[in-house]
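What follows is one structure encoded as structure tokens, with my remarks underneath.
The values are calculated or read from the model by the stated rules, or taken from the named source; none is laboratory data. Note that the structure is predicted; figures quoted are calculated from it, not measured. Virtual Cβ from ideal backbone geometry, glycine too; neighbours counted across all protein chains shown.
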């Protein structure tokens with residue numbers, strides 16, 4: 001949670017831990033017309049924002065300390081902390097699903113452990129490899145080793161059923177994403193998601 005960002009970038013303070021960071025490294029929350037607090041994960045909604053670290057513990061602290069009311073200087077409606085954490089998690093999860101789906105429609109996804117392994121051995125390497133959380137250790141370790149040996153970024157996220165459902169096929173143990181803009185977007189979305197859950201540190 002701690003740490004300073006680029007001093008030239010706009011800085012905001014986390015409502016939970018009070019750390020100042022680049023606002024792009026924080027979660028933004030906005031007020032709806034009904035004075036309800038909602039997350040703005042892509043920093044696109046109009047109006048004043050309030051921020052927390054990309055960490056569920058900071059969000060829980062902000063809710064428990066009534067920091068959203070103080071920040072917006074209004075009586076606001078805030079979900080119970082557990083419900084708001086799950087709401088944010090689901091939005092982040094949905095963002096990853098959406099990006100994989102768009103990449104798949106663009107013909108940039110290769111699915112399945114053996115096909116991903118072949119792609120990693122080919123001359124034209126993928127830009128990113130995603131490994132299912134519930135893949136067998138033997139398959140997962142093999143794919144991760146191949147990705148690391150070929151300097152291809154890899155992340156463990158979602159389940160085999162999730163991957164299959166996104167592709168409209170049977171469960172898949174791994175996905176390879178072709179190089180391009182989707183790689184950067186997916187890496188950011190996945191790392192933010194895992195950081196929020198406390199699995200990694202982002203930014």
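Worth pointing out:
- Count of segment 79-113 residues, restricted to those that are out of contact with any helix residue (DSSP H, G or I) (no Cβ under 7 Å at 6 or more places or on another chain) and within 17 Å of residue 161 (Cα to Cα), is 4.
- Test: residue in segment 1-10 that is in contact with a strand residue (DSSP E or B) (Cβ under 9 Å, 6 or more places away or on another chain), assigned to a loop (DSSP other than H, G, I, E, B) and either at pLDDT 90 or above or within 15 Å of residue 87 (Cα to Cα) (or both): no
- Qualifying residue in segment 170-177 (condition: outside any helix (DSSP H, G or I) and modelled with pLDDT under 95): no
- As a summary of the residue check, residue 38 satisfies the conditions (1) in a loop (DSSP other than H, G, I, E, B); (2) touching a strand residue (DSSP E or B) at 6+ places or on another chain (Cβ under 9 Å); (3) at pLDDT below 95 except for the one numbered (1).
- Filter pass, residue 176 being in contact (Cβ under 8 Å) with a residue 12 or more places away in the chain and either assigned by TED's automatic domain parsing to the domain that holds residue 18 or crowded, with 16+ Cβ neighbours inside 10 Å (or both): yes
- Residue in segment 64-78 that is surrounded by 15 or more Cβ atoms within 10 Å (Cβ to Cβ), in contact with a strand residue (DSSP E or B) (Cβ under 6 Å, 6 or more places away or on another chain), under 30 Å from residue 167 (Cβ atoms) and not assigned by TED's automatic domain parsing to the domain that holds residue 143 present: no
- Residue that is touching a helix residue (DSSP H, G or I) at 6+ places or on another chain (Cβ under 9 Å) and closer than 13 Å to residue 113 by Cβ, where the choices are 165, 147: 147
- Of the helices (runs of 4 or more DSSP H) entirely within segment 48-135, those holding at least 3 residues that are under 21 Å from the mean Cα position of the chain (by Cα) occupy 56-64, 81-105.
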